[in-house]
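Since the structure comes first, as structure tokens, the remarks are kept for the end.
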Amino acid sequence: MKKILCYGDSNTFGFNPSNGLMFDKNIRWTDILQNNLINEFEVINEGFCDRTGFTDNPKGFIFSAQKHFPKILSDISFIDILILAIGTNDLQFQYNITSETIKNGLEKLINTAKAKSGKIIIIPPVKLNEQILKGYFKCQFDQTSIDKSKHIDTIYKNTAKEFNCFYFDINEFTKPSDIDGLHYSEFSHNIIACKLTDFIHNIIQS
């Protein structure tokens, strides 16, 4: 069966902002997507909490996409559709990331994926809101993180176009939960899955 690989961070993993656990499989957007495409694709969830896309994460190998992503690709013969949704954790103030680092890092991941992927869908990071400054994640994100998240989509959109990838912006139809200003709610997961299902059907037909 054809494969879709969803590679990302906690919003791909299915982090529940209400309790810090993983949403049930009937709630996570990756699993709803699987149900919607059950006769067409196998959907593989490779989301991991606190994973960075473009910076060396001190937590180790699996947390750093630049190191971990090539290993995942080496274990899979071919991916018909790659959904790349990474970069939110790079906005943590400890990394002080620049636009140049984001662009170069995204380009590196795309080039790594080209040999093993058919179609590539690029998803920009969630646009953080001020609630993140009031909760648990205020120890990682600050106002600069919020500001960067509101402009980073331009880098993703231009890079996707430059490398002939598809661009799918979740921020156009949903936003993070007001519980933590970072993670999607149950309602948002359902919207993401439905919109993404339609998007995938459209690119298959294009």
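The values are calculated or read from the model by the stated rules, or taken from the named source; none is laboratory data. Please read all numbers here as calculations on a predicted model, not as lab measurements. So basically every Cβ, Gly included, is an ideal-geometry build from the backbone, and we count neighbours across all protein chains shown. In case anyone asks, the SASA skips ligands and DNA or RNA and just uses the protein heavy atoms, side chains included. Shrake-Rupley method; radii C 1.70, N 1.55, O 1.52, S 1.80 Å.
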Of all residues in segment 122-133 being closer than 16 Å to ASP180 by Cβ and touching a Gly at 6+ places or on another chain (Cβ under 8 Å), which is most open to solvent (accessible area, probe 1.4 Å)?
-> GLU130
Could you please tell me which pairs satisfy a Cβ distance under 7 Å, a separation of 6+ or placement on different chains, a first residue in segment 139-163 that is closer than 15 Å to GLY87 by Cα and among the acidic types (Asp, Glu), and a second residue that is assigned to a helix (DSSP H, G or I) and open to solvent by less than 40 Å² (accessible area, probe 1.4 Å)?
-> ASP153/ASN171
Could you please let me know if THR55 is part of a loop (DSSP other than H, G, I, E, B) and either within 25 Å of LYS114 (Cα to Cα) or in contact (Cβ under 8 Å) with a residue 60 or more places away in the chain (or both)?
-> yes
Residues of segment 142-201 classified as among the basic types (Lys, Arg), in a helix (DSSP H, G or I) and closer than 19 Å to THR101 by Cα, total | 3
Positions within segment 156-174 being surrounded by fewer than 20 Cβ atoms within 10 Å (Cβ to Cβ) and closer than 21 Å to PHE93 by Cα, in sequence order | none
Checked segment 5-31 for anything part of a helix (DSSP H, G or I) and out of contact with any His (no Cβ under 7 Å at 6 or more places or on another chain); matches are THR12, PHE13, THR30, ASP31
Determine the pairs where a residue that is within 30 Å of PHE137 (Cα to Cα) and open to solvent by 10 Å² or more (accessible area, probe 1.4 Å), located within segment 69-93, has a partner that is among the small types (Gly, Ala, Ser) and not in a loop (DSSP other than H, G, I, E, B) with Cβ atoms under 7 Å apart, the partner being 6 or more residues away or on another chain.
-> ALA85/GLY8; PHE93/SER145
Go through segment 84-123 and give me each residue that's of a type outside the set (Lys, Arg), part of a loop (DSSP other than H, G, I, E, B) and within 19 Å of THR12 (Cβ to Cβ).
-> ILE86, GLY87, THR88, GLN92, ILE123
